[in-house]
Amino acid sequence: MPQAVVLELAGEKRPHHLGRYAHGLFFELLARLDPDLAGKLHEAPRKPFTLSPLAGRSGGIFLRFAFLDDALFGPFLEALLAAAPEGLALGEDRFVLKRVLATPEGHPLAGAMTWEALVNAPARREIRLRFLTPTVFVASKPGGRTRYVPLPDPRLILNSLLAKWQQGPYPYNPKEEAALKNAFELDTEVSFFRGLRFHRLQAGKGFFPGFTGTVGLKLWSESLEVKQALGRLERLAFFSGVGAKTPYGMGLAVAEVGPPKLET
């Protein structure tokens with residue numbers, strides 16, 4: 001069951017490289033409990049978790065961890081609670097775990113949803129996603145070179161979410177997946193945007209470009225299957241993140257409700 005929790009930590013100062021330190025903390029905790037699981041996860045090309053440092057009050061830190069895999073959430077929580085009495089290391093400093101917020105009542109970016117609820121999400125012709133942390137996509141170039149795309153391209157957004165959906169228990173078969181990718185490329189467009197900003201964020205050992213802001217995506221296809229997929233992916237984004245480097249704090253996105261406001 002996809003789940004998102006927010007940790008509230010207290011310490012003397014906020015680390016400068018919080019995303020990288022939080023990534024290290026996650027694997028340190030997991031390695032204490034299950035070194036084999038930590039090793040396999042570290043080598044996996046696609047990570048079934050995301051993390052996001054969140055804005056907090058002076059002296060306080062909020063870290064959001066989201067999981068697509070029940071088998072990962074349980075060990076993480078167990079290791080977290082076992083290590084909490086000695087303090088949690090972020091870089092050279094240790095922080096006190098004050099609260100684990102696991103419901104929307106505790107924090108709006110926490111919560112859980114079953115895969116069955118995601119499968120039965122309402123079909124949508126248009127979705128609106130608010131990108132809270134810088135988001136970037138990886139695209140290949142001739143010769144095997146890597147290109148980073150910090151733009152809200154509908155095809156890149158939806159293909160990223162589809163790849164994450166395919167990691168779950170209800171993947172589309174190859175023919176269905178190919179049809180969805182075709183619809184995302186040919187029949188989907190940006191319907192509006194608001195507050196788009198360009199950023200450059202440290203994620204791991206490097207700095208990467210990314211965008212934040214709200215983007216509306218509209219589907220022109222009349223296919224019910226594609227509309228159903230759009231509804232599912234909109235809900236999945238809350239847990240999976242969007243784009244590259246999501247285990248380092250990039251690509252945090254939430255569905256935005258209410259009428260769109262056109263950018264002028």
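The values are calculated or read from the model by the stated rules, or taken from the named source; none is laboratory data. Predicted model only: the values in this text are computed from it and were never measured. Reconstructed Cβ throughout: ideal geometry from the backbone, glycine too, with neighbour counts over all protein chains shown. Calculation scope for accessible area: heavy atoms of the full protein, side chains included, ligands and nucleic acids excluded. Shrake-Rupley method; radii C 1.70, N 1.55, O 1.52, S 1.80 Å.
Can you pull out the residues in the stretch 16-45 that are open to solvent by less than 20 Å² (accessible area, probe 1.4 Å) and at pLDDT below 85? Within the stretch 16-45, LEU18, GLY19, ALA38, LEU41 qualify. Of all residues in the stretch 113-140, those being open to solvent by 60 Å² or more (accessible area, probe 1.4 Å) and either aliphatic (A, V, I, L, M) or without any contact (Cβ under 8 Å) to a residue 24 or more places away in the chain (or both) number 5. In summary, ARG147 fulfils each of the numbered conditions (1) in a strand (DSSP E or B); (2) at pLDDT 95 or above; (3) charged (D, E, K, R) with the single exception of condition (2). Among the residues of the stretch 198-211, those that are open to solvent by less than 20 Å² (accessible area, probe 1.4 Å), over 21 Å from PHE27 (Cβ atoms) and touching a Phe, Trp or Tyr at 6+ places or on another chain (Cβ under 7 Å) comprise PRO209, PHE211. Residues that are on the phi < 0 side of the Ramachandran plot and assigned to a strand (DSSP E or B) within the stretch 211-259 comprise PHE211, THR212, THR214, VAL215, GLY216, LEU217, LYS218, LEU219, ALA253, VAL254, ALA255, listed in sequence order. Going by the structure shown, is ASP153 without any contact (Cβ under 8 Å) to a residue 40 or more places away in the chain, touching a Ser or Thr at 6+ places or on another chain (Cβ under 6 Å) and open to solvent by 30 Å² or more (accessible area, probe 1.4 Å)? No.
LYS181 satisfies every condition listed in (1) open to solvent by less than 40 Å² (accessible area, probe 1.4 Å); (2) touching a helix residue (DSSP H, G or I) at 6+ places or on another chain (Cβ under 7 Å) except (1).
Here ALA82 fulfils each of the conditions (1) open to solvent by less than 60 Å² (accessible area, probe 1.4 Å); (2) among the small types (Gly, Ala, Ser); (3) touching a Lys or Arg at 6+ places or on another chain (Cβ under 9 Å); (4) more than 23 Å from LEU129 (Cβ to Cβ) apart from (1).
Would you mind stating whether LEU72 is under 27 Å from LEU219 (Cβ atoms) and within 21 Å of the chain's Cα centre (by Cα)? For LEU72, the condition - under 27 Å from LEU219 (Cβ atoms) and within 21 Å of the chain's Cα centre (by Cα) - is not met. Is it the case, given these coordinates, that ASN159 is polar (S, T, N, Q) and surrounded by 13 or more Cβ atoms within 10 Å (Cβ to Cβ)? Here the answer is yes, as ASN159 does meet what is asked. Taken together, the residues in the stretch 92-141 that are of a type in the set (Lys, Arg), more than 13 Å from LEU7 (Cα to Cα) and assigned to a strand (DSSP E or B) amount to 4.
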